[in-house]
Amino acid sequence: MGADKALLEVAGQPMAVGVASALAQAGCHPVWCQGGDVALISTLGLMHVADSTPGEGPVVAIRDALRHSVDHHDGVDIAVAACDLVDLTAEAVSIVIDPLLSDAIVVVAVANGGSQLLARWSVAALPRLDWLIGEGVRSYRGALRMLHACEVEVPIAAVRNVNRPDDLDIREADSLANTMAIQEITVDELAERIAGGIRLIDVRQPSEYAEARVAEATLIPLGTVPDNIDAFRGAGPTYVICKSGARSMKACEFVAAHGIDAINVAGGTMAWINSGRPTATGIA
């Protein structure tokens, strides 16, 4: 990111402050920053606890936070949230700290099929984490699997994280979704326009694209759209397709925010296949 993410301002406040606020609103107390730059974090007015071994990743940091709870806060369970969960909500935090799940050693937020760095950790996990770390485990998701974490679904928007400046561009484009009207066409209309010659971009993953695609579509996976935005520019509109129309709509909203005329294909590749039209395979 070119800067400490905890201090990066989004919507007028450092990301770490927004995350701390969501935790506090959900009833977590006290809230502290585990690890990071002491001098910089102190400028945010947040409590800070140093990592025992800086730079070792989230598993060690979570173990240290549990130790801090045992030593200074009567061993209460802790909620852990990454500082870059830019749109974290108190509602999402409340899901993972639900008292009905208090018997689980770890309750982890899951969105879009993946474990997120938002979880409630029981102090009972401390000796097990000590053992895993001693065995060289540093993978967050690997530790969750070994601890048989309880998974709870949260809204994907609440656990959006920021790893690159482009992620903030995509977030900004998403925020415009409610005010920016994106034109859509059916696969029947797409077939007619392909006959006349158009620019069609498929934003699915390479494996999906290789399995079955509209022959005229060029592959640009959604996550790489910011790096390939010039591919959407040119004479006339750019048509965007994915599996069902959701990812392509996100791509349309992003490029439209950069002044590009983009049209979404409603129903996506599945609608194209269901219409009985031919598909191509492999990477073009």
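The values are calculated or read from the model by the stated rules, or taken from the named source; none is laboratory data. These numbers were taken from a predicted model, which means no experiment stands behind them. No Cβ is skipped: glycine too gets one built from the backbone with ideal geometry, and neighbour counts run over all protein chains shown. Surface accessibility is based on the protein's heavy atoms, side chains included, excluding ligands, DNA and RNA. Shrake-Rupley method; radii C 1.70, N 1.55, O 1.52, S 1.80 Å.
Below, the figures for the structure above:
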| item | result |
| --- | --- |
| Residue match in the stretch 69-76 (condition: under 27 Å from P155 (Cα atoms) and within 18 Å of the chain's Cα centre (by Cα)) | no |
| Meets criteria (surrounded by 12 or more Cβ atoms within 10 Å (Cβ to Cβ), small (G, A, S) and at pLDDT below 95) for A177 | yes |
| Residue tally, condition closer than 11 Å to R199 by Cα and touching a residue at least 60 places away in the same chain (Cβ under 8 Å), over the stretch 218-265 | 3 |
| Looking only at the stretch 270-284, and only at residues there that are open to solvent by 70 Å² or more (accessible area, probe 1.4 Å) and in contact (Cβ under 8 Å) with a residue 24 or more places away in the chain, the one that is nearest to E211 (Cα to Cα) | T281 |
| All positions within the stretch 35-76 that are in a helix (DSSP H, G or I), aliphatic (A, V, I, L, M) and free of Cβ contacts under 8 Å to residues at least 24 places away in the same chain | V38, A39 |
| Subset of the stretch 234-269 that is touching a Gly at 6+ places or on another chain (Cβ under 9 Å) and among the basic types (K, R) - its residue that is surrounded by the fewest Cβ atoms within 10 Å (Cβ to Cβ) | K243 |
| Qualifying residues in the stretch 110-122 (those that are at pLDDT 95 or above and either outside any strand (DSSP E or B) or small (G, A, S) (or both)) - the one surrounded by the most Cβ atoms within 10 Å (Cβ to Cβ) | A119 |
| Residues located in the stretch 186-213, provided they are among the hydrophobic types (A, V, I, L, M, F, W, C), more than 28 Å from the chain's Cα centre (by Cα) and more than 17 Å from A231 (Cα to Cα) | V187, L190, A191, I194, A195 |
| Which listed residue is within 27 Å of H148 (Cα to Cα), assigned to a helix (DSSP H, G or I) and among the hydrophobic types (A, V, I, L, M, F, W, C), from A92, A79 | A92 |
| Residue count for the stretch 81-104, restricted to those that are free of Cβ contacts under 8 Å to residues at least 60 places away in the same chain and open to solvent by 30 Å² or more (accessible area, probe 1.4 Å) | 7 |
| Condition check for I78: open to solvent by less than 30 Å² (accessible area, probe 1.4 Å) and touching a Phe, Trp or Tyr at 6+ places or on another chain (Cβ under 6 Å) | yes |
| Residues of the stretch 5-34 classified as among the β-branched types (V, I, T), within 16 Å of L118 (Cβ to Cβ) and either open to solvent by 50 Å² or more (accessible area, probe 1.4 Å) or not in a helix (DSSP H, G or I) (or both), total | 1 |
| Unmet requirement for G55, which otherwise passes all of (1) at pLDDT below 90; (2) in contact with a helix residue (DSSP H, G or I) (Cβ under 9 Å, 6 or more places away or on another chain); (3) more than 17 Å from L88 (Cβ to Cβ) | (2) |
| The stretch 250-264: number of residues that are hydrophobic (A, V, I, L, M, F, W, C) and either touching a Cys at 6+ places or on another chain (Cβ under 8 Å) or under 14 Å from Q205 (Cβ atoms) (or both) | 3 |
